[in-house]
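Below you'll find the structure, written out as structure tokens, and then a few comments.
The values are calculated or read from the model by the stated rules, or taken from the named source; none is laboratory data. The model shown is predicted, which means the values in this text are computed figures rather than measured ones. Heads up, the Cβs are rebuilt from the backbone with ideal geometry, glycines too, and the neighbour counts pull from every protein chain shown. Protein only, heavy atoms only, side chains kept; ligands, DNA and RNA dropped before computing areas. Shrake-Rupley method; radii C 1.70, N 1.55, O 1.52, S 1.80 Å.
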Amino acid sequence: MSKLREVRGDFPILDQEIQGRKLVYLDSAATSQRPLQVQEAVRQYDNRDNGNPHRGSHTLSLRATEAFEGVREKVRRFLHARSVKEIIFTKNATEAINLVAYSYGLSQLKPGDRIVLSIAEHHANLVPWQQVAKKTGAVLTYLYVDEEGRLPEKELDKIDSATKIVAMSHMSNVLGTIFPVKEVIRRAHAVGAVALIDGAQAVPHMKVDVTDLDADFYVFSGHKMLSLMGVGVLYGRESLLETMDPFLYGGDMIEYVHEQETSFNELPFKFEAGTQGIEAVVSLGAAIDYLEELGFDAIHEKEMELLAYALDQLKALPYIRLVGPSDLKDRGAVVSFVVEDVHPHDVSTILDSYGVGVRAGHHCAQPLMRYLKINACTRASFAFYNTKEDIDALVRNLDEVRRWMGYGSR
Ligand SMILES: Cc1ncc(COP(=O)(O)O)c(C=O)c1O
């Protein structure tokens, strides 16, 4: 049994009925739920400290600045970055990737340069690179996964001397595969390329050390790791960020403005234009405290228990085809599958009528769907606050889905 302390009481949202059935929330990869401790941190900030950070010398503005910069230091420590200059707050992971694509990619890439991506990238880590490739004449090259959704080592040989940028997710939001990003980064550096790692699905579930990974850029979103929506993080290697132009202009990112010229603030402020979402930033700090108090070892153990149980149960259903690795190796707690003869939207709508919330569709990964020769699939994603009973409800009601659609169950 997992060593995780009892956490359900921290998540009142989970204690409700949907259509007369107990809610079973299996969509944490889309967005996670927020514990009382995170809500309370925001409430305290709102009731005591709210002001515009970096904009005033009165007490509330100073307190807001202290709260904002305090979270920056917390994120630095959380990611094992060397300096707070390397931690940029953004709206979300998508904005962080766009920042790098535009501020780095656009100025560095030339016709014929290669941008290497995995075929499993979320559109957020694919479309910005496509746009930059169109504008610069660079070409996109994809690394393809095998039948189990893992990346064969020989695919990494595509990272060649023409490669200037490698952009890869740490964990796939569809397959659940954890990609060998340390080796990917090593290969990128060996040919003089930089590597951006999309950690949106990894950071909520595992310890991440950007210094040990030797990542050039690493991004994630707060709302997938217990915080409010509206905050994301870009970690960037200081020496690279220093050379990059700002992404958005105005507000705190300026130093001096003259009628015809402007000089820009130092890192990390150079990349933070306008008033930031400070409540979301405060909530991210509280989310990090909460996750660290639980401990990633205990979180991992619990999620692996759930994942093992879910894979065993789903593999026993004759009408289910798993999308992604069928065992626990290098895999996180996301399970995607196809229900034979039933469209994923029907699967999700019928499951919802039994209180079970899963995600259906292409999961913002259309090139992956096309490569896998499916239109869409259903995804159940777990967090440490899920239980084995949640998985039982999923499996029991998948039988109902088949019955509703007029097929046999098992
Ligand atoms: C792997 C991955 N990258 C990026 C994103 C984009 O996150 P956001 O919408 O918070 O920017 C997601 C969201 O599902 C994701 O799963």
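Just a few scattered comments:
- Options GLN33, GLN16; residue that is within 16 Å of the ligand (Cβ to nearest atom), modelled with pLDDT of 95 or more and under 27 Å from SER336 (Cβ atoms): GLN33
- Search result, residues across the stretch 92-108 that are crowded, with 24+ Cβ neighbours inside 10 Å and away from the ligand (no atom under 16 Å from the Cβ): TYR104, GLY105
- Count - residues of the stretch 60-87 that are part of a helix (DSSP H, G or I) and either closer than 23 Å to MET206 by Cβ or of a type in the set (Val, Ile, Thr) (or both): 12
- In the stretch 320-339, the residues that are touching a residue at least 24 places away in the same chain (Cβ under 8 Å) reach residues that are part of a strand (DSSP E or B) and among the basic types (Lys, Arg) with C-beta atoms within less than 6 angstrom, at least six apart or across chains, in these pairs: PRO325/ARG331; SER336/ARG379; VAL338/ARG321.
- The residue list GLU266, GLU259 contains one member that is among the acidic types (Asp, Glu), without any contact (Cβ under 8 Å) to a residue 24 or more places away in the chain and either open to solvent by 30 Å² or more (accessible area, probe 1.4 Å) or in a strand (DSSP E or B) (or both), which is GLU259.
- For the stretch 131-186, the set of residues classified as more than 16 Å from the ligand (Cβ to nearest atom) and either of a type in the set (A, V, I, L, M) or open to solvent by less than 10 Å² (accessible area, probe 1.4 Å) (or both) consists of VAL132, ALA133, ALA138, VAL139, LEU140, LEU156, ILE159, ALA162, THR163, ILE165, ILE185, listed by residue number.
- When GLY230 is tested against (1) within 16 Å of the ligand (Cβ to nearest atom); (2) closer than 23 Å to MET369 by Cα; (3) surrounded by fewer than 24 Cβ atoms within 10 Å (Cβ to Cβ); (4) not charged (D, E, K, R), only condition (2) is not met.
- Considered as a group, the residues in the stretch 110-125 that are under 16 Å from the mean Cα position of the chain (by Cα), surrounded by fewer than 24 Cβ atoms within 10 Å (Cβ to Cβ) and more than 12 Å from LEU196 (Cβ to Cβ) include one that is nearest to the ligand (Cβ to nearest atom), and that residue is HIS122.
- Residue within the stretch 84-91 that is within 16 Å of the ligand (Cβ to nearest atom), assigned by TED's automatic domain parsing to the domain that holds GLY232, hydrophobic (A, V, I, L, M, F, W, C) and open to solvent by 30 Å² or more (accessible area, probe 1.4 Å) present: no
- For the stretch 353-410, taking the residues that are open to solvent by less than 10 Å² (accessible area, probe 1.4 Å) and aromatic (Phe, Trp, Tyr), the one that is nearest to the ligand (Cβ to nearest atom) is identified as PHE382.
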